[in-house]
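Here the structure comes first, spelled out in structure tokens, and everything after it is commentary.
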Amino acid sequence: MSTLKNSVHVLRCFTPSRPELTVTEVATWLGLPKSNVSRLLRAMHEAGMLDAAGRGRGYRLGEWLQDLGQMATQTQTFHARASAAARRVSEQMGHSGYVSVLVGTHMVGLAHHVGGNAQQVGVPLGGRLPVDACATGRALLATMGDGEVRQLLGGRVSLAAPQSPRDFDDLLARLRQIREQGFAESQHEALPGAGAFAVAVADPQTGERLSLCLTYPLQALGPADRKRAIELLLQERRNLMRSHP
């Protein structure tokens, strides 16, 4: 068995009721020779994966591993809160709500909530949309500086749909408007006949950025509903940006 696999098995020996372990205990649970386990634990200690136990014998999880676990928990919690926010908007408006994340130069859905109206529009989870050519993507790009956007896209746009930015200057102009008004909008872009509103949110703990989005059939949303949808998304963003797990 490889050193990496053995290291993973060692880490799994630690539990809330067993925060500190000795060489003998680990060797017994893993069924490995004490000499091998002793060398492995020393190597993990030198790598920072383990710290010496408080009473001077055995080991406990290293601080950076504990920090990593805490960060993972916070991220999962933020995703859950963002999904709940998208669900609330979906339920109140009757249309589809999404949470999306940037993967490379595309937006990918993490969560999808179907509204109560008979007609729903949207891209299935796992579908990829060019970041410059959808409301969710432009909402997220608007949180970056123009230089960061240029570096990400290489100064080019996807021209994914006739309604998408025509060139990089057009994209930057749209991002400036999004920063001013606080939300992004698209029509006939990701799907013909579909509209979308989106806002970007950042985890107060980790800085991770996600997009909340509402998609709807264009003929289904009048001026009053349009205003309400935008207000709901902006309110959910404010709540997410100031709330803590």
Filter result for Leu191 (touching a helix residue (DSSP H, G or I) at 6+ places or on another chain (Cβ under 9 Å) and surrounded by 15 or more Cβ atoms within 10 Å (Cβ to Cβ)) = no
Note on Phe78: of the conditions (1) surrounded by fewer than 21 Cβ atoms within 10 Å (Cβ to Cβ); (2) more than 20 Å from Leu191 (Cβ to Cβ), unmet is (1)
Only one of (1) closer than 22 Å to Arg228 by Cα; (2) surrounded by fewer than 22 Cβ atoms within 10 Å (Cβ to Cβ) fails for His106. Which number is that?
-> (1)
Any chance the stretch 232-239 includes a residue that's basic (Lys, Arg) and either in contact with an Asp or Glu (Cβ under 9 Å, 6 or more places away or on another chain) or loosely packed, with under 14 Cβ neighbours inside 10 Å (or both)?
-> yes
Would you point out which residue out of Gln163, Gln181, Gln120, Gln151 is touching a His at 6+ places or on another chain (Cβ under 9 Å) and loosely packed, with under 14 Cβ neighbours inside 10 Å?
-> Gln163
Starting from residues that are hydrophobic (A, V, I, L, M, F, W, C) and part of a loop (DSSP other than H, G, I, E, B), keep the ones in the stretch 125-138 and report whichever is nearest to Ala82 (Cα to Cα).
-> Leu125
Look at the stretch 82-100 and say how many of its residues are crowded, with 18+ Cβ neighbours inside 10 Å, closer than 24 Å to Pro204 by Cβ and either of a type in the set (Phe, Trp, Tyr) or in contact (Cβ under 8 Å) with a residue 40 or more places away in the chain (or both).
-> 9
Wholly within the stretch 9-124, strands (runs of 3 or more DSSP E) carrying at least 2 residues that are modelled with pLDDT of 90 or more = 96-103, 106-113
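The values are calculated or read from the model by the stated rules, or taken from the named source; none is laboratory data. Small disclaimer: the values here were computed from a predicted structure and weren't measured. FYI the Cβ positions are ideal-geometry reconstructions off the backbone, even for glycines, and counts take in every protein chain you see.
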